[in-house]
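The values are calculated or read from the model by the stated rules, or taken from the named source; none is laboratory data. The shown structure was predicted, so the numbers you read here are calculated from the model rather than taken from an experiment. Cβ: placed from backbone, ideal geometry, glycine included. Neighbour counts: every protein chain shown.
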Amino acid sequence: MLAIFISSILSLYIFISFGIVSEKILKVKFQFTDKVLVGLSVTNTLVSFVSLFLPITISILFIFLLFCSVFLYFEKENLKLLTFGLVHKSIVLIITFPFLLSALIFSLNPPFAYDSGLYHIQSIKWIQEYSVVPGLANLHGRFGFNPNIFTIFALTSLKEIFEQEIFSVNFVIYSTLVIHYINRIYKILKQEGLTNFFLLNSIVLFLILEQFMSLSSPTPDLISIVFPLYILTNLPKNESVVHSELSLENYFSSIILSVYTITVKLATVPLCILILLLMIRYKFEIKKLSIVILVMFLILLPWLIRNVILSGYLIYPFPTIDFFNFDWKAPLGNVISEKLSITGWARNPGEGYKEAAQMKFWEWFPIWWNGISRLNRLFIFISFLSPISIFICGLFKKVKLDFQTSVILFTSWIGAIFWILLAPDIRFGKAFLGISAISPLFYCNFKINFFPIKISKTSKQIILVFIFIVISSFLINRKTYDMCKSFIRENSALFVRPKKIEIPQNLEFKKIQMNHLEIFIPVEGDRCYDYKIPCMPYRNHTLILRGNTLQSGFKYIQN
């Protein structure tokens, strides 16, 4: 717990610092959550740029901390206001505390995600020990995926101090958003009572709390779910003017987070719809539009360069976007196979995934539909039906949709369609499906008077807190509670640092020679877990080093 806590505090310190830097450069004001998340995006962009030239070691972390300390020294007032604002939300922090404590305890578990043992941890090890390696996707196809968040996991891992990787970034993001939504729900209850926006934010909070299982893993899945949820439910509103009087700068944080989220997981690329619609809406604000385009370019640039160096492709694994012909370029057949495996496994996980990847929609859909739970079927049905019904009502002028609501509905619906056609695994599309399902709550305004009898303000707050605690208790899964309780009982000795990923006791790694260097391969299965690098899932006789060191990269023997 101590290691997670220290890593989280350092991460939050850096994110807030760069969030304030972003405010200064863009000349805008961000609320606390935007400050943290935009700061994360900026930090990640800078670290990914550094990773092009240097391994991300603790020395890089110290340089970032030194810069942040010097900067915040001259921004004392800003930091004081930030702290003062948090202190004045003491009731919200008290309500949130049980959620954050249970999340912190759960983060002590070993990484549960299958892909963490497959390639997440191995990718982070490469980032920590080497600058970006040409053709690394040839060693393991999944290394070419290049989720941007991996460089931040590497930066904040504190491996040199705790002698193992500490993965705290997902905990920081999770905690920030839980505080944000509990604060919003509490504020709505206190000021308005039970309204459509109370229900909307409660459902979003539930969807975020569902990501509990991702906290101990360095997985990009958490960001790919919670960031779109946050972006689409937090578009800026000005209650004193109509939406048309908002300017493009009010959407700076939404655009930055959208672009950044796409670099973390390509499944969120429908967020481009949101960005495009906002740019069209404010196309006459030339100066601000130029700033947006420049910021987008700066966020994408280091990620795209890493893509090209790792795999030879600008966006991997999409071989149709093919501009380069480096000697480390992954073979076309391998890239297509990687893409089809994602699609096929999402349609029919198991032995039949290869066949499913080649099937027409009407062939694979019944197989996939029969393989998912009834609850997920209902969820998907509502997700597709809700936006359609709203658009039909809009055509007949039964409902009046403003610009923001239309953008949210269109983005989420396109996201749902993109999801089902590309890779219909629930975790890839949960954010867009969730927003689509609850879309009527964006325009169906209603209010239930919670307090028909006049009572004092203090008594009302106490009742609200009690009701919220009761509701919140149902949002925490019983299974999660039991797992936390069991973990505390069985692993009290691990409260200094979390448990490492568990390598099966009978799993052995064999050595093979590549040039004069040793490469490790698991005797069984395809996962290297956190075994030392270089480790590859299967032996490949046509793969060689480009030079004499691992830093030189990997390539295939040319026929």
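Condition first: of a type in the set (D, E, K, R) and within 30 Å of E502 (Cα to Cα). Now tell me which residues in segment 146-203 satisfy that.
Restricting attention to segment 146-203, the residues satisfying the condition of being of a type in the set (D, E, K, R) are 159-160, 163, 165, 184, 187, 190, 192.
Selection gives K159, E160, E163, E165.
Taking S258, is it part of a helix (DSSP H, G or I), over 21 Å from R427 (Cα atoms), among the polar types (S, T, N, Q) and modelled with pLDDT of 90 or more?
Numbers: part of a helix (DSSP H, G or I): yes; over 21 Å from R427 (Cα atoms): no; among the polar types (S, T, N, Q): yes; modelled with pLDDT of 90 or more: yes.
Judged against the criteria, S258 is not a match.
So how many residues does segment 512-542 have that are more than 27 Å from P111 (Cβ to Cβ) and of a type outside the set (S, T, N, Q)? Spell out the reasoning first.
So in segment 512-542, the residues more than 27 Å from P111 (Cβ to Cβ) come out as 513-517, 541-542.
If we keep only those that are of a type outside the set (S, T, N, Q) as well, we get 514, 516-517, 541.
Result for segment 512-542: 4.
Considering segment 261-290 alone, what residues qualify as being touching a helix residue (DSSP H, G or I) at 6+ places or on another chain (Cβ under 7 Å) and more than 30 Å from R142 (Cβ to Cβ)?
Matches in segment 261-290: L277, L278, M279, R281, Y282, K283, E285, K288, L289.
Considering segment 253-283 alone, what residues qualify as being without any contact (Cβ under 8 Å) to a residue 40 or more places away in the chain and within 17 Å of S224 (Cβ to Cβ)?
We begin by selecting, within segment 253-283, every residue without any contact (Cβ under 8 Å) to a residue 40 or more places away in the chain; these are 254, 258, 261-262, 272, 275-276, 279-280, 282-283.
Of everything in segment 253-283, those that are without any contact (Cβ under 8 Å) to a residue 40 or more places away in the chain and within 17 Å of S224 (Cβ to Cβ) turn out to be S254, S258, T261, I262, C272, I275.
Could we say that I231 is within 30 Å of H120 (Cα to Cα) and of a type outside the set (S, T, N, Q) here?
On the way: within 30 Å of H120 (Cα to Cα): yes; of a type outside the set (S, T, N, Q): yes.
Yes; evaluated as a whole, the condition is true for this residue.
Please give the helices (runs of 4 or more DSSP H) falling wholly within segment 1-95 in which 2 or more residues are closer than 16 Å to I299 by Cα and in the same structural domain as N234 (by TED's automatic domain parsing). Give the derivation first.
On the way: elements: 2-26, 32-50, 58-73, 76-87.
Helices (runs of 4 or more DSSP H) meeting the threshold: 2-26, 32-50.
Has segment 241-252 got any residue that is small (G, A, S), without any contact (Cβ under 8 Å) to a residue 40 or more places away in the chain and outside any helix (DSSP H, G or I)? So that I can check it myself, show each step before the final result.
Restricting attention to segment 241-252, the residues satisfying the condition of being small (G, A, S) are 244, 247.
Checking the rest, the ones that are also without any contact (Cβ under 8 Å) to a residue 40 or more places away in the chain come to none.
Within segment 241-252, not a single residue is small (G, A, S), without any contact (Cβ under 8 Å) to a residue 40 or more places away in the chain and outside any helix (DSSP H, G or I).
Which residues, counting only those in segment 51-78, are aliphatic (A, V, I, L, M) and either touching a residue at least 60 places away in the same chain (Cβ under 8 Å) or surrounded by fewer than 13 Cβ atoms within 10 Å (Cβ to Cβ) (or both)? First the steps, then the outcome.
Of all residues in segment 51-78, those aliphatic (A, V, I, L, M) come to 52, 54, 56, 58, 60-61, 63, 65-66, 70, 72.
Result: L52, L54, I56, I58, I60, L61, I63, L66, V70.
For segment 107-120, how many residues meet the condition of being in a helix (DSSP H, G or I) and surrounded by fewer than 21 Cβ atoms within 10 Å (Cβ to Cβ)?
Residues that pass the stated criteria total 3.
Residue by residue, here is whether (1) without any contact (Cβ under 8 Å) to a residue 40 or more places away in the chain; (2) surrounded by 14 or more Cβ atoms within 10 Å (Cβ to Cβ); (3) of a type in the set (A, V, I, L, M, F, W, C) holds:
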site: R347; (1), (2), (3): no, yes, no
site: A356; (1), (2), (3): yes, yes, yes
site: M359; (1), (2), (3): yes, yes, yes
site: N370; (1), (2), (3): yes, no, no
site: F381; (1), (2), (3): yes, no, yes
site: I388; (1), (2), (3): yes, no, yes
site: I392; (1), (2), (3): yes, no, yes
site: F403; (1), (2), (3): no, yes, yes
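So that you can scan it fast, the table gives a plain yes or no per residue for (1) of a type outside the set (V, I, T); (2) more than 23 Å from V47 (Cα to Cα); (3) touching a strand residue (DSSP E or B) at 6+ places or on another chain (Cβ under 9 Å):
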position	(1), (2), (3)
L104	yes, yes, no
Y119	yes, no, no
F150	yes, no, no
I188	no, yes, yes
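For residues in segment 292-340 being of a type in the set (A, V, I, L, M) and in a loop (DSSP other than H, G, I, E, B), which is surrounded by the fewest Cβ atoms within 10 Å (Cβ to Cβ)?
To start, the set of residues in segment 292-340 that are of a type in the set (A, V, I, L, M) comprises 292-296, 298-301, 304-305, 308-310, 314-315, 321, 330, 332, 335-336, 340.
Remaining after also requiring in a loop (DSSP other than H, G, I, E, B): 314-315, 321, 330.
Numbers: L314: 14, I315: 18, I321: 10, A330: 26.
Per the stated criteria, the residue is I321.
Out of the residues in segment 516-542 that are at pLDDT 90 or above and part of a strand (DSSP E or B), which is surrounded by the fewest Cβ atoms within 10 Å (Cβ to Cβ)?
Selected residue: F520.
Would you mind finding the one in G117, G135 that is in contact with a Lys or Arg (Cβ under 9 Å, 6 or more places away or on another chain) and at positive phi?
Numbers: G117 fails: at positive phi.
One residue alone meets the criteria, G135.
Just one of the numbered conditions (1) out of contact with any Pro (no Cβ under 7 Å at 6 or more places or on another chain); (2) surrounded by 22 or more Cβ atoms within 10 Å (Cβ to Cβ) is not true of V264; which one?
(1)
Being assigned to a loop (DSSP other than H, G, I, E, B) and either in the same structural domain as L215 (by TED's automatic domain parsing) or free of Cβ contacts under 8 Å to residues at least 24 places away in the same chain (or both) is the requirement here; does Q505 meet it? Give the derivation first.
Numbers: assigned to a loop (DSSP other than H, G, I, E, B): yes; either in the same structural domain as L215 (by TED's automatic domain parsing) or free of Cβ contacts under 8 Å to residues at least 24 places away in the same chain (or both): yes.
The answer is yes for Q505.
Pairs needed: first member in segment 105-125, under 19 Å from A137 (Cα atoms); second member anywhere, in a helix (DSSP H, G or I) and of a type outside the set (A, V, I, L, M, F, W, C); C-beta distance under 7 Å; at least 6 residues apart or different chains.
L118/R142; Y119/R142
If Q505 satisfies all but one of (1) modelled with pLDDT of 90 or more; (2) farther than 19 Å from A330 by Cβ; (3) out of contact with any Lys or Arg (no Cβ under 8 Å at 6 or more places or on another chain), what's the number of the condition it fails?
(1)
When you check I408 against the structure, is it crowded, with 17+ Cβ neighbours inside 10 Å and of a type in the set (A, V, I, L, M), yes or no? Working first, answer last.
Values: crowded, with 17+ Cβ neighbours inside 10 Å: yes; of a type in the set (A, V, I, L, M): yes.
Taking the combined requirement at face value, the residue satisfies it.
At least 2 residues that are within 22 Å of L215 (Cα to Cα) and over 22 Å from the mean Cα position of the chain (by Cα) in each: list the helices (runs of 4 or more DSSP H) lying fully within segment 125-171 that qualify. So that I can check it myself, show each step before the final result.
Details: elements: 136-139, 149-155, 159-162.
In segment 125-171, 159-162 are the helices (runs of 4 or more DSSP H) which contain 2 or more residues that are within 22 Å of L215 (Cα to Cα) and over 22 Å from the mean Cα position of the chain (by Cα).
Taking G344, is it farther than 30 Å from P134 by Cα and not assigned by TED's automatic domain parsing to the domain that holds I152? Walk me through it before giving the result.
Numbers: farther than 30 Å from P134 by Cα: no; not assigned by TED's automatic domain parsing to the domain that holds I152: yes.
Considered against the rule, which asks whether it is farther than 30 Å from P134 by Cα and not assigned by TED's automatic domain parsing to the domain that holds I152, G344 comes out as no.
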